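Please read the structure below before turning to the comments.
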Amino acid sequence: MFDEKALETIKAGKEKWSNDVVGKTLAKNPERKEVFTTISGTPVERLYTPLDVAGLDYGKDLGYPGLYPFTRGVQPTMYRGRFWTMRQYAGFGSAKESNARYRYLLSQGQTGLSVAFDLPTQAGYDSDHPLSMGEVGKVGVAIDSIEDMKVLFDQIPLDKVTTSMTINAPAGILLGMYLAIAEEQGVSFDKVGGTVQNDVLKEITVRGQYIYPPKATMRLTTDLIEYCLKNVPKWNTISISGYHIRESGSTAAQEMAFTIADGIAYVQACVERGLDVDSFGPRLSFFFNAFTNVLEEVAKFRAGRRVWAKIMKERFGAKNPRSMMLRFHVQTGGVTLTAQQPLNNVVRVGLQAYAAALGGCQSLHTNSYDEALCLPTQQAVTVALRTQQIVAEESGAADTIDPLAGCYYVEAMTEKIEAEIMDYLQKIDAMGGTLVAIEQGYIQKEIQNSAYRFQKEIESGERVYVGINKYTMEEPPPQGLLKVDMSVGEVEAGKLKKLRAERDEAKWKAALDKLRQASQTDENVMPSVIEAVKAKATVGEICDVWRDIFGQFRPKEYV
Amino acid sequence: MTMDYAREILQGSPRAVARLMSWLEDEDERAYPVMEEIYRHTGKAYILGITGSPGAGKSTLTDKLTRTIRRKGLSVGIVAVDPSSPFTGGAVLGDRVRMSELSIDPGVYIRSMATRGFLGGISKATADVVKVLDAFGKDVIIIETVGVGQDEVDIIGLADTTCLILVPGLGDGIQSMKAGVMEIADIFVVNKADRAGADQVVAEVCARVDQDSHIKVKDWTPPVLKTVAVEDQGLEELWQAIDGHRAMLEKTGKLHEKRRERICNETLRMIHNELFRVVREQLQDSGQLDNLVTDILDHKRDPYSIMREITGKWISLPQHQKETS
Amino acid sequence: MAKKIKIIVAKPGLDGHDRGAKLLSRIFAEAGMEVVYTGLRQTPEMIVETALQEDADVVGLSSLSGVHNYFFPKVVELLRAKGLDDVLVVGGGIIPREDYEGLQKAGVNAIFGPGTPTTEIVEYIQKNVRER
């Protein structure tokens, strides 16, 4: 962006400044540290100048919002049109309790729903399964059958709100229930909008809610994508997630790199299925983390947009610009929250939300300050929602597009992260692709090593964490934490018993038989899943049919 | 707490088994009287070795094979060996992850072991731990070795049937196999056989088996099988092959031969270990070792004559006395 | 041969958050312990059988999904039923401080909350582990 002569002058000036001015100051007052690094361990220089972005080509590398390579944003007007969707991940206890919280959040200005399911639902077990003991309704809402789903969305018009569902291996079942409810509400499939996470690869690497071996689970993922393409055109069929990769300890660049590697695997699977990349490409969405180092996070998002656009265009030959857009949801960093002095977390979340806004997210969840202690209380949830409303309405971050573009540091960091991502992608390709890299534990080990390095930095005091290794203080135990009623499990088990006694046995059996047949061939399973949920088959029963056919899976763990 | 460990073990106490194994690993002297008592109850189990490079899928294969064996009504003991860190002495033993569901099967006993500096893919106490499981009444005992690469030959001494697990695409082409590795296998298993390149690995192994007279021995041509352990494919065939090998060993008397050789080696090794331990302790505790080392270092003495002198003093071998006098 | 501390690191229930459990497994191994990592989705029965077969000196439980009040006491109860009274049981994860007392009463020897230095955990184990 600068001509050579100007760069020469800047170079000379910087050298002079370095030697004369800085040298003198350093002699009197040394800097706090010899090497400064971001939370990801990336070195940070004293000063960034045009010299650090000398290779940047504005038109090629940055361009304009809504245009390739989308570095500056995926929409032409970004938040000047409308803010990101404020979507708080919520759900606990029974469907009825969660429904009440959703309606409260919508009444407070939230614009989309995000359903947290309890672990039995995510792992494909009914509430009365022995492995569900103690877990029912704990970290999310317990959904066993279409009856629970009806209660969950009671009085919520499915043509007006969009719903994101954090569900992976059993994604098709929960989507099937959602579609069946929409149908009952008289909403046609083409008006239904939302997202299922449906990202099974990161379950194997970092999140742990896997059920089936990789090949089988990828087939179910692809079935869902293919079905929605033809029948539910506004549905985001997958939310390729880096969030949990980061939570597991990765660096910012690793988060983006491994998520994009997963994305490549899904696109590959769909292409191999015979789908046109421009048919499903626009419905792929992403999900990332935001930590407190605002500038590094912004660079990460910008680099990710640029890399994805190039991959879709150059590697997969996409023609539709929408296929090339990295559209993403952000959740602020759960692991960054401290149990110590929990109110400090409000500030952390504020900075992280600011990073997400400056980074051009499409939707955002802000964490509650008490999440290192328990499930969020209503008060904490409200503060969290207000935090992103303040970022949107007061900070000014939403008023101009990609405001940090041209900042020497952010542009240099964007290039650096992009280079790191490309380096990882090359290594993974050389190994034989994402699935092989996962199977060999490469991705897992890279993440573990970063987590380990970070922990050592904290324990040695090399990296300061407020309230953990500096500025600590004695505090009384926190009061008023949210407790989930342990009896949810019994209530749900009772409901299941009743459901099983009252449903039409013949219809139920026929539907499950049909599902089994479809699953054993290469027929798309989604139509028979929808029939099965309508016949009141439970999440656990449907998952069992697949367990029977595909087997259960336990990945190798890398420590 | 005093406990009659031998009786407890023979009566089926997993806790006594567990503690005896710890003593064996620690070389705790309390182990030996118990071993003496239970020894006569050993020799009934059939011992399988599972070996192969890291990432070959040994744990998953062990898990699925165990399920297959359990369906035949046989009980199984598993010894899963992982490496100790040479720097810290610690170890992460992760093989149980793939076998979680077997933990609660009363017909299965799993013990994880760290190598504790022992080379060759197993640990020093592995042979003894196998004997404990044998006396404990397990019908089949599976030893899953460390995935250390291509030189784990120690397993051959311990197992009646050794399975070498290969996978396509891990770079362990047959050509790169070190001499002596192919020969340890009684059965070749090409796992992850749904991957590209599986048929090529099978073809390469078959060719080697055909050519190599050390692999294809009298009465036995090692079969080359395909499995996809993670999807439970090919395990029944693997078990049939193991059974076939066992039948051949029994029919030809080779099982007896093999076990005779094993006992011979083990007995010698135990004597060696014990002698060495006693001599070393005596030399160390008396401070004599330090002096000797200093002398050697200063070239006042040489290690050869010291070796002859010490062994001569401890073991009155006429030959030694003759030569040194 | 020096005796080694053998520790089971287990994730009870369906919780998939294993960053802490894996990190600690590595730290314990670095401290010279032999660590049996069980992986996810362990029932109390699985954990106790593992402790039994491995002759574990310590059982470390990690839970971030709010099920500690059910799982931790259950593990202690089953350990005792098998006669494994001298096994040290330690826990960590997202556990409100108000639950500490109840867990300790139920027989959990120590709870380590978020932000605890790993050196503190290692030292606690080394100091309190049984003789065998």
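Overview of values
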quantity	calculated
Criterion: within 24 Å of A:L375 (Cα to Cα) and of a type in the set (F, W, Y) - qualifying residue of C:F72, C:F28	C:F72
Residues satisfying the stated conditions in region B:20-68, i.e. closer than 30 Å to A:V436 by Cβ and assigned to a helix (DSSP H, G or I)	B:K58, B:S59, B:T60, B:L61, B:T62, B:D63, B:K64, B:L65, B:T66, B:R67, B:T68
Region C:111-120, residues that are open to solvent by less than 30 Å² (accessible area, probe 1.4 Å) and in contact with a helix residue (DSSP H, G or I) (Cβ under 6 Å, 6 or more places away or on another chain)	C:I111, C:F112, C:T118
Any hit, region B:247-256, residues being touching a Phe, Trp or Tyr at 6+ places or on another chain (Cβ under 6 Å) and within 30 Å of B:A45 (Cβ to Cβ)	yes
Filtered residue count, region B:118-138, keeping only those that are out of contact with any strand residue (DSSP E or B) (no Cβ under 7 Å at 6 or more places or on another chain), of a type outside the set (F, W, Y), part of a loop (DSSP other than H, G, I, E, B) and more than 9 Å from chain C (Cβ to nearest Cβ)	3
Residue selected from region B:1-29 under the condition more than 9 Å from chain C (Cβ to nearest Cβ) and acidic (D, E), by the criterion most open to solvent (accessible area, probe 1.4 Å)	B:E29
The listed residue being free of Cβ contacts under 8 Å to residues at least 40 places away in the same chain and surrounded by fewer than 23 Cβ atoms within 10 Å (Cβ to Cβ), out of A:G317, A:G334, A:G274, A:G350	A:G274
Filtered residues of region A:161-180 (kept if open to solvent by less than 10 Å² (accessible area, probe 1.4 Å) and either out of contact with any Leu (no Cβ under 9 Å at 6 or more places or on another chain) or of a type in the set (A, V, I, L, M, F, W, C) (or both))	A:M165, A:I167, A:N168, A:A169, A:A171, A:I173, A:L174, A:L175, A:G176, A:M177, A:L179, A:A180
Subset of region A:501-559 (residues that are open to solvent by 20 Å² or more (accessible area, probe 1.4 Å) and aromatic (F, W, Y))	A:W508, A:F550, A:F553, A:Y558
Filter result for the condition that a residue is within 13 Å of chain B (Cβ to nearest Cβ) and under 21 Å from A:M218 (Cα atoms), over A:I542, A:I530, A:I549	A:I549
Region B:69-114, subset open to solvent by 40 Å² or more (accessible area, probe 1.4 Å), within 7 Å of chain C (Cβ to nearest Cβ) and not in a loop (DSSP other than H, G, I, E, B), residue modelled with the highest pLDDT	B:V92
Within region A:236-294, tally of residues that are within 21 Å of A:G334 (Cβ to Cβ) and part of a helix (DSSP H, G or I)	15
Answer from B:I263, B:I271, B:I296, B:I310 - the residue that is in a helix (DSSP H, G or I) and more than 33 Å from the chain's Cα centre (by Cα)	B:I296
Which numbered condition C:A21 fails, given (1) in contact (Cβ under 8 Å) with a residue 12 or more places away in the chain; (2) open to solvent by 10 Å² or more (accessible area, probe 1.4 Å); (3) in a helix (DSSP H, G or I); (4) more than 7 Å from chain A (Cβ to nearest Cβ)	(2)
Subset tally (residues that are buried (at least 22 other Cβ atoms within 10 Å of the Cβ) and touching a residue at least 60 places away in the same chain (Cβ under 8 Å)) for region A:386-409	1
From C:V35, C:V59, residue being within 12 Å of chain A (Cβ to nearest Cβ), outside any helix (DSSP H, G or I) and within 12 Å of the chain's Cα centre (by Cα)	C:V35
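The values are calculated or read from the model by the stated rules, or taken from the named source; none is laboratory data. Just so it is clear, the model here is predicted, and its values are computed rather than measured. Don't worry about glycine lacking a Cβ; one is built from the backbone with ideal geometry, like all the others, and counts go over all protein chains shown. All accessible areas refer to the heavy atoms of the entire protein, side chains included, with ligands and DNA or RNA removed. Shrake-Rupley method; radii C 1.70, N 1.55, O 1.52, S 1.80 Å.
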